[in-house]
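**Q** Before I ask anything, here is the structure I am working with.
Only the coordinates and a few stated rules stand behind these numbers; no lab work does. This structure is a prediction, so every number in the text was calculated from the model and none was measured. In this analysis, Cβ positions are derived from the backbone assuming ideal geometry, glycine residues included, and neighbour counts consider all displayed protein chains.
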Amino acid sequence: MSRPRLRDTRHAPQFELYPLGQIPHDLIRNMCKLIIYDKHVRANDLTGNRFGAIFAEAIGGLDLERPIGIADVVYGERHCWSTKTIHSAKPYELQSARIISGRCSPDYSYGISDARADIQKTGAAVLNIYNERIGKAKALYNPLRAIVLVRYYKMFQFVLFEQDIHQYAVNDYEWRYNDNKNIEAFDNRGNRHFTWQFSGSQLTVHYNIPASAIKFEVKRPPILEVDEQLETIGYKDSWISFK
């Protein structure tokens with residue numbers, strides 16, 4: 001199959017900060033300080049974009065703030081992460097995580113107008129699109145990792161883990177319909193790796209949570225009331241003027 005045409009073709013500008021999966025506790029403490037601060041000033045949840053910004057600040061890296069693509073946070077010139085967060089009411093018991101990787105459109109990239117006509121062909125096209133995105137990111141960044149935060153924000157419980165991001169051998173997977181009439185990719189041992197939705201062309205990657213995942217809990221801070229915060233910054237009614 002030929003290389004697909006992609007929407008996200010523009011990219012901005014090695015050394016290893018730490019070994020894969022061996023996330024230093026000091027880094028996690030830096031992240032937790034920012035999580036505590038967010039909650040203190042009334043954050044209702046921890047969004048994916050905010051997690052990217054928190055991780056970037058915790059490692060002294062750069063948050064690229066891109067709406068599409070693989071690369072989210074860069075450290076130095078080459079070290080890069082795709083930052084993801086998911087919600088679970090039982091984060092410490094979770095064994096796998098479903099991570100949305102982005103939109104992969106066989107119609108746009110390959111001209112496959114009827115995605116249901118041949119789901120093996122459609123699945124191969126979807127993985128080729130994903131591989132192409134990974135390849136473009138790896139041309140600029142190496143190592144390239146996914147860092148995933150599983151959160152239960154209500155109880156301030158978290159699980160943090162990393163995975164290497166690599167390209168996939170398209171022919172190693174068989175695509176099957178699931179109960180929701182979407183398609184899923186399985187390897188020859190029957191393990192599910194991907195889900196692709198016909199509506200929206202969304203590709204989801206299934207990660208097994210590794211033994212190296214770090215589980216931690218953060219003490220919930222008091223919520224800062226608006227008047228308290230305004231007093232702290234010296235607010236006065238004279239700051240407001242009517243024109």
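**Q** By how many nm would the segment from Arg192 to Leu224 grow when fully extended, if each residue of separation counts as 0.36 nm and the alpha-carbon distance is taken off?
**A** That works out to 7.1 nm of additional length.
**Q** In addition: How much net charge surrounds Lys84 when only other residues with a Cβ under 13 Å from its Cβ are counted (Lys, Arg +1; Asp, Glu -1)?
**A** Neighbour charge sum, excluding Lys84 itself: +2.
**Q** Moving to a separate point now. In region 18-57, what trypsin sites (Lys or Arg not before Pro) fall in a loop by DSSP, with at most 12 other Cβ atoms inside 10 Å?
**A** Arg42
**Q** To the nearest 500 deg cm²/dmol, what mean residue ellipticity at 222 nm is calculated for the chain from DSSP H runs of n ≥ 4 alone, each contributing -39,500 (n - 2.57), summed and divided by the residues?
**A** It comes out at -8000 deg cm²/dmol, rounded to the nearest 500.
**Q** Can you tell me the dipole magnitude for the chain around its Cα centre, using point charges on the Cβ only (Lys, Arg +1; Asp, Glu -1), in Debye to the nearest 20?
**A** Using Cβ point charges on Lys, Arg, Asp and Glu, the chain gives about 320 debye.
**Q** Net charge near Lys39, counting Lys/Arg +1 and Asp/Glu -1 over other residues with Cβ under 14 Å of its Cβ?
**A** +3
**Q** Describe numerically, in nm with one decimal, the distance between label points set 7 Å from Cα along Cα→Cβ at Gln120 and at Ile240.
**A** Calculated label separation equals 6.8 nm.
**Q** Under 13 Å from the Cβ of Thr204, count the other residues' Cβ atoms, weight Lys and Arg +1, Asp and Glu -1, and hand me the total.
**A** Local net charge: +3.
**Q** What ³J(HN,Hα) values, in whole Hz, does the Karplus curve 6.51 cos²θ - 1.76 cosθ + 1.60 give for region 149-161 when θ = phi - 60°, with x put for Gly and Pro?
**A** Residue by residue, region 149-161 yields 10, 8, 10, 10, 5, 4, 9, 6, 10, 9, 10, 10, 8 Hz.
**Q** How much FRET efficiency would the formula 1/(1 + (r/R0)^6) give for Leu140 and His87, where r is the Cβ-Cβ distance and R0 is 25 Å, rounded to 0.05?
**A** My answer for the efficiency is 0.25.
**Q** Taking the alpha-carbon distance from Lys154 and a cut-off under 23 Å, which lysines remain once sequence neighbours fewer than 8 residues away in the same chain are dropped?
**A** Within the straight-line limit of under 23 Å, Lys154 reaches these lysines: Lys33, Lys39, Lys84, Lys90, Lys215, Lys219.
**Q** Between Gly69 and residues 5 or more places away or on another chain, which pairs have amide H atoms under 5 Å apart, with H built 1.01 Å from N, and which residues are they?
**A** none
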